[in-house]
Amino acid sequence: MLNYLLKRLGLAALVVMAVLLLLFSMLHMIPGNPAILALGTRATPEAIAAYSERMHLDEPVLTQFIFFLGNAVQGDLGNDVFSNRPVTAVIGERIGFTLALICTGMGWAVLLGVPLGCLAAVRPGTWIDRITGVFSVGMIAVPSFLVSIWALLLFSLHLRWLPAIGAGEPGDLSDQLSHLILPAFAIGLGWVGYLARMVRASMLEVMGEPYIRSARAFGLKPRRIVLGYALRVAILPTITLIGMGFGGLISSAVFAEIIFSRPGVGKMIFDAVSDRNFPIVQGGVLVATGFYILVVLFSDLLIAWLDPRVRASL
Amino acid sequence: MTDDTLLNIDGLTLDFRTNRGRVKALRDISFPVRKGRILGIVGESGSGKSTVLWSILGLLAGNAEVMAGRIDFEGRDLLKLTPEALRAIRGEQISVVFQDPMTSQIPVLPYARQMSDILYRRTMSDNEKRKAAVEMLRRVGIPDSDSRVDAYPHEFSGGMRQRAGIAMSMLTGPNLLLADEPTTALDVTMEAQMIGLMRGLREDFETTIVVVSHNLGLIAEMCDDVVVMYAGEVVETGEVHDIFHNARHPYTRALLECDPARIADVSRKLPVIPGDIPDLTRPLPGCIFATRCQRVMPECSSLAPPLVPRGTGVARCHLLDGPLADPAWPPPPEVPTVARDAGEPVPPQVRRTAEPLLDVSDLNVRFRTMGPVRARIRGVSDPFVDAVLDVSLDVKPGETVALVGESGSGKTTLGRTILNLQQAAGGVVRFEGKDILGMKESRFKPLRRDMAMMFQDPVGSLSPRKSVRALITEPLVIHGAEGRNLDTEAERLADMVRLPRGFLARYPHELSGGQARRVGVARALALNPRLIVADEPTAGLDVSVQGEILNLMADLQAEHGLSYLIITHNLPVVRHIADRIAIMYLGRIVEEGPAAEVFAAPAHPYTRALVDGVPQPDPDRRRPPAAAIEGEVPSLLRRPTGCDFVSRCPLAREECRMAKPAHRNIAPDHRHACLFPLRKTPELTETA
């Protein structure tokens, strides 16, 4: 078990490195000198040279990368090119908004999608199954940024039920929650469909397994068979899907944060890319990658905890 | 309904709605189940025997529709009960033992939880439920049951799982226990143990048992009463002795005569029931067996046969009563009623003096158990297990050699290694004198024309998207059949395996088990091989069909001089087709010799356990309950020191634990690996 954990964490470190290397080279391949961007077009060549030296911009890319890694390990992700504040601080004040958005988005999708899938699987061919089927496909097919725009137009502009932009007043929890509803709805909607379909498919498969017939033959209550037996097995592939889904949600969050002007990490990365604000981009991607890897690791551990066969093979 | 009837099925008629139309799966099924007795329902696949079982429980598939009839249990008609009332009976008064313990127990819950769930209707504390579970596991023979109760199903071996399955079904002390093919998924030695266990439980708990099986031996050994089903009808019922010694329905008679375990004379030709089960969407008005009956009369296909009672049961046949009755029917048991396949018995073709076609000597196959890094960390110097250990074996031209062993004996690994599908750790494999072990695939490929494989799962090993024509010519295409007309070849091969040419356009899912097996044979034959390695050639086939395949294999051998290496666990079948038998246990050959001799006078105690382990289809030859050898095949990781069989051998002595016995010859062609063989050795000659 400990072995497995160490192995996974080691792999995670390698993945982070690979992602950063890829990002680093991409940022240096696109045109635009970050020193000119930071200092303005009228900066003297001396100032640019001084800045470049301070930021190690004159070194080869690989050396720059090693500098960055070395600092990152010590918790220093560099400074914002414009405000000169530490990247960690900039990310720190924004990450909460993104985490709240992603978790709420996935949370409501799980709370609605899993029971819907279960219900559809328990009563295959009935109206609830058909409606779930049609709506799932519809929800999956519409991109989350369109949902965002429509939700914004309908609920904020037209009906005026919910606020349109921002993340709410700091310290005012109910205001913050009311600002969270629309973007979370928008990014979670497709996942309701995904999860409902996934749970339905694996539930249908499991409900046909001989051990479910055994449970019936022993006279267990239908509710116990569905929730305690079938779902217990059928949820395992869904957990993997949810874990990987967090990766997709990070990119959905970028759109939602732009459309709803939420001050989250996604919007921050988007702005930083347009501004060639390299340290912010690097830091943002590092945090996003790390978050994703941790979620996937957590989902794998959850499966191991739920499935003794997986546990035995660790 | 008399007083001693626990369950009475009367006129049960049931349809399945399918896209081919209504399949009339059960038609007018009637029989009583008597209190405290074991009733066996026997029939081939498609007979509806399992459907009867699931009707009793009310757990039929969604497309099933009960058209008529009643199932009376303790004064109530089970077919009219509400789902709630039926659920109250299931698991409490009627319980079930399932066919495959590998799939019928939920893998993610420990036994303690699964068993206390069954007791949910009882007002017991969790602790009392756990105690009850431990007690029942102990009763069915699970050691250390107070700790093993927390195990998950995958932590148990196959035999232990089935024991646990029986414990789960007996936990509530049901009046009626239904068992659906309870030993089909188990090895021979396990089967014998389960039969003993269930008979013992019947004595202790006075439970009535209904067991469904296609295995005549199991039925004869376990049951008091028998119901014979064919194509959705009950054709005959009666007490076990009457059914096995005085069968009155031609189908019962034929079924018994086809069982290889009952056929005393060893010839290569086995009896078969020609034809297939009729199409049940449009069953004939007359007798359902008329299309395959050896005593069919013109009236049989139009006139419903009469139900003729006798002391302990009924039979449904024109021969027994009415204007068509034949007083000479049934003939005495020794007179065969089923024709053996056309053609003379095949004379043995083996040239004993010839150079062996396949010659395996000292072959070893080892599997890695852990990675090299972990092995070093844990200080394991030898992180391997021996799946095949020092095996020597040869197959002469025209000879059939059977490799027999239980699951985990390494027989399949050996077969794969010979065909260069598995790497060996040492030894020599010669084919026609050429050393072929570890040959590169590019060099080995031409040899694959001479060595063909028949796979175990006939349908699963055929691509579902290819027609039979494409499937049987596939080997030709792979090995470059330049200038050959594939259509002609397909027809030639279909004729060879006696598959009607119309079948060439079909797809695997449209074939019956026997037909799919013929396609497998045709594929193996496509390149005119000299050796065919057949992995369980009759597994999953009905008794009446398995004879057809074995006869076909024998004919092909006679015509083409083929050699067979047959890998199987089925001893009764092997006795009829093999010239020589090699018995494997834990990767080692423990005995090898001429088939008849090995059967008649086994030298190794394991061989005797296997031979005795097959339940005899004769209720007069029941074994005492303690006859089965104990325990299970140990894991390769825990290979016993000394003789491999020492942990289960009833005759083990101190010396057996010291060193592995070497192979010794009793006769020039009969050798064994036992220090204290059951047969006296004339001269002790050690072989290398």
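Provide the packing ranking of A:213-220, B:592-599, i.e. peptides ordered by the mean count of other C-beta atoms within 10 Å per residue, highest first.
Details: A:213-220: 23.1, B:592-599: 20.6.
With the highest mean Cβ count within 10 Å placed first, the list reads A:213-220, B:592-599.
Give the relative contact order (percent, whole number) for chain B; include only Cα pairs under 8 Å separated by 6+ residues.
Details: 1331 pairs, mean separation 89.7, N = 688.
Relative contact order, chain B: 13 percent.
Straight-line cross-link partners of B:LYS24 among the aspartates and glutamates, defined as a Cα under 18 Å from its Cα and at least 8 positions apart when in the same chain: B:ASP10, B:ASP15, B:GLU44, B:GLU65, B:GLU233, B:ASP276, B:ASP279. Each 5 Å bin from zero up to the one holding the largest Cα-Cα distance in segment A:96-277 carries the following percent of pairs: 1, 8, 15, 17, 15, 13, 10, 8, 6, 3, 2, 1, 0, 0. Partner lysines whose Cα lies under 21 Å from the Cα of B:LYS445, excluding those fewer than 8 positions away in the same chain, are identified as B:LYS434.
How long are the semi-axes of the equivalent ellipsoid of segment B:421-571, taking √(5λ) for every eigenvalue λ of the Cα gyration tensor, in whole Å from largest down? Numbers along the way, then the final one.
On the way: eigenvalues 127, 77, 41 Å².
Equivalent ellipsoid semi-axes, largest first: 25, 20, 14 Å.
Placing unit charges on the Cβ atoms of the charged side chains and taking the dipole of the protein assembly as shown about its Cα centre, the candidate lying farthest along the positive direction among B:TYR507, B:ALA596, A:PRO124 is A:PRO124.
How crowded by other chains is B:97-106, given as the mean number of beta carbons from other chains within 10 Å of each beta carbon? Present the calculation step by step, with values, prior to reporting the outcome.
On the way: counts 2, 5, 1, 1, 2, 2, 5, 8, 4, 13.
Partner-chain Cβ atoms within 10 Å, mean over residues of B:97-106: 4.
Taking amide H positions as modeled 1.01 Å from N, with prolines and chain starts lacking one, the residues under 5 Å from B:VAL533 and 5 or more places away or on another chain are B:ALA452, B:MET453, B:MET454, B:LEU565.
Can you give the average number of partner chain beta-carbon atoms within 10 Å of each beta-carbon in peptide B:113-121, as a whole number? Walk me through the numbers before you get to the answer.
Values: counts 1, 6, 1, 0, 8, 5, 1, 5, 3.
Partner-chain Cβ atoms within 10 Å, mean over residues of B:113-121: 3.
Per-residue 3J(HN,Hα) values for segment B:365-379, derived from phi via the Karplus relation 6.51 cos²θ - 1.76 cosθ + 1.60 with θ = phi - 60°, read 10, 10, 10, 6, 9, 8, x, x, 5, 4, 4, 5, 4, 7, x Hz in sequence order (x marks Gly and Pro). For segment B:498-566, the alpha carbon positions stretch 31, 26, 17 Å along the principal axes, listed from largest to smallest. Please work out whether chain A counts as rounded, prolate or oblate from its C-alpha gyration tensor, where a ≥ b ≥ c are the square roots of the eigenvalues and a/c under 1.5 means rounded, while otherwise a/b larger than b/c means prolate and anything else oblate? Oblate, since a/c reaches 1.5 and b/c is not below a/b. According to the Kirkwood relation over distinct C-alpha pairs, the hydrodynamic radius of the protein assembly as shown is 33.7 Å. In terms of packing, defined here as the mean over residues of other Cβ atoms within 10 angstrom, the peptides B:33-39, B:68-74 line up highest first as B:33-39, B:68-74. From the square roots a ≥ b ≥ c of the eigenvalues of the alpha-carbon gyration tensor of segment B:351-470, which class results: rounded (a/c under 1.5), prolate (a/b over b/c), or oblate? Cα axes put segment B:351-470 in the oblate bin.
The H on the amide N of B:LEU119, modeled in the peptide plane, is under 5 Å from the matching H of no residue at least 5 residues off or on a different chain.
Work the Kirkwood hydrodynamic radius out for segment B:5-250: mean of 1/r over every pair of different alpha-carbon atoms, inverted, in Å. Could you put the intermediate results ahead of the total?
On the way: mean 1/r = 0.0536 Å⁻¹.
Taking every pair of different Cα atoms in segment B:5-250, averaging 1/r and inverting gives 18.7 Å.
The coefficient of translational diffusion for segment B:1-126, derived via Stokes-Einstein from the alpha carbon Kirkwood radius under 25 °C and 0.890 mPa s, stands at 148 µm²/s. Label segment A:1-124 by shape, choosing from rounded, prolate and oblate, from the square roots a ≥ b ≥ c of the eigenvalues of the Cα gyration tensor; if a/c is under 1.5 it is rounded, and otherwise prolate applies when a/b is larger than b/c, oblate when it is not. Prolate.
Centre-to-centre, using Cα atoms only, segment B:430-498 and segment A:78-141 are separated by 53 Å.
Nearest 20 debye, what's the magnitude of the dipole of segment B:456-528 about its Cα centre given +1 on Lys and Arg Cβ and -1 on Asp and Glu Cβ? Before the final figure, lay out the partial values.
Details: 11 positive and 8 negative charges, 34 e Å.
Dipole size: approximately 160 debye.
Residues within the reach of a label modelled at A:ARG309 (point 7 angstrom out along Cα to beta-carbon, backbone nitrogen below 15 Å), restricted to segment B:76-110, are B:100-110.
Averaged across the residues of A:230-238, what count of C-beta atoms belonging to other chains lies within 10 Å of each residue's C-beta?
Working: counts 1, 0, 4, 4, 0, 0, 1, 0, 0.
Per-residue shielding by partner chains comes out at 1.
Placing +1 on each Lys and Arg Cβ and -1 on each Asp and Glu Cβ, with no other charges, gives chain B a dipole about its Cα centre of roughly 1620 debye. Taking 27 Å as the straight-line reach from the Cα of B:LYS35, the lysines in range (excluding those fewer than 8 positions away in the same chain) are B:LYS49, B:LYS80.
Across segment B:228-234, coupling constants 3J(HN,Hα) worked out from phi with the 6.51/-1.76/1.60 Karplus curve, θ = phi - 60°, read 9, 10, 9, 6, x, 10, 7 Hz, and Gly and Pro carry x.
Think of chain A as a dipole: +1 on every Lys or Arg Cβ, -1 on every Asp or Glu Cβ, centred on the Cα centre; then among A:LEU236, A:ASN3, A:LEU249, A:LEU236 lies furthest on the positive end. For segment B:236-244, 3J(HN,Hα) computed residue by residue from phi via the Karplus equation (6.51, -1.76, 1.60; θ = phi - 60°) reads 7, 10, x, 6, 4, 5, 5, 5, 7 Hz, glycine and proline entered as x.
For B:ALA179, the residues whose amide H sits under 5 Å from its own are B:VAL97, B:VAL210, B:VAL211, B:VAL212, ignoring neighbours fewer than 5 places away on the same chain, with H placed 1.01 Å from N.
Considering only A:ARG232, A:ARG160, A:ARG200, the mean-square fluctuation computed in a Gaussian network model of chain A, springs between alpha carbons under 10 angstrom, is largest for A:ARG160. For chain B, the equivalent ellipsoid built from the Cα gyration tensor has semi-axes of 42, 34, 25 Å, listed from largest to smallest. Put simply, segment B:129-186 fits an ellipsoid with semi-axes of 18, 16, 8 Å; these come from the alpha carbon gyration tensor as the roots of five times its eigenvalues, largest first.
Quote the Stokes-Einstein diffusion coefficient, in whole µm² s⁻¹, for segment A:238-314, based on the Kirkwood radius over alpha carbon pairs, a temperature of 37 °C and a viscosity of 0.692 mPa s. Each step should come with its number before you reach the end.
Details: Rh = 13.9 Å.
The diffusion coefficient I find is 236 µm²/s.
Using the Cβ of B:VAL429 as centre and a radius below 13 Å, the other residues enclosed give a net charge of -2, where K and R count +1 and D and E count -1. Ordering A:PHE291, B:PHE98, B:ALA516 by the projection of their Cα atoms onto the charge dipole of the protein assembly as shown, which places +1 on the Cβ of Lys and Arg and -1 on the Cβ of Asp and Glu, puts A:PHE291 at the extreme positive end. Stokes-Einstein, applied to the Kirkwood radius of segment B:456-528 over Cα pairs at a viscosity of 1.567 mPa s and 4 °C, places its translational diffusion at 109 µm² s⁻¹.
Give, rounded to the nearest 20 debye, the magnitude of the charge dipole that the protein assembly as shown has about its Cα centre when Lys and Arg contribute +1 at Cβ and Asp and Glu contribute -1 at Cβ.
On the way: 106 positive and 106 negative charges, 211 e Å.
The dipole magnitude comes to about 1020 debye.
Take each peptide in A:176-189, A:298-311, count the other Cβ atoms within 10 Å of every residue, and average; sorted highest first, the result is A:176-189, A:298-311.
Read-outs: derived from the displayed coordinates by stated rules, not from any lab. The structure presented is a predicted model; accordingly, all values stated were derived computationally and were not measured. Note that each Cβ is placed from the backbone with ideal geometry, even for glycine, and that neighbours are counted across all protein chains shown.
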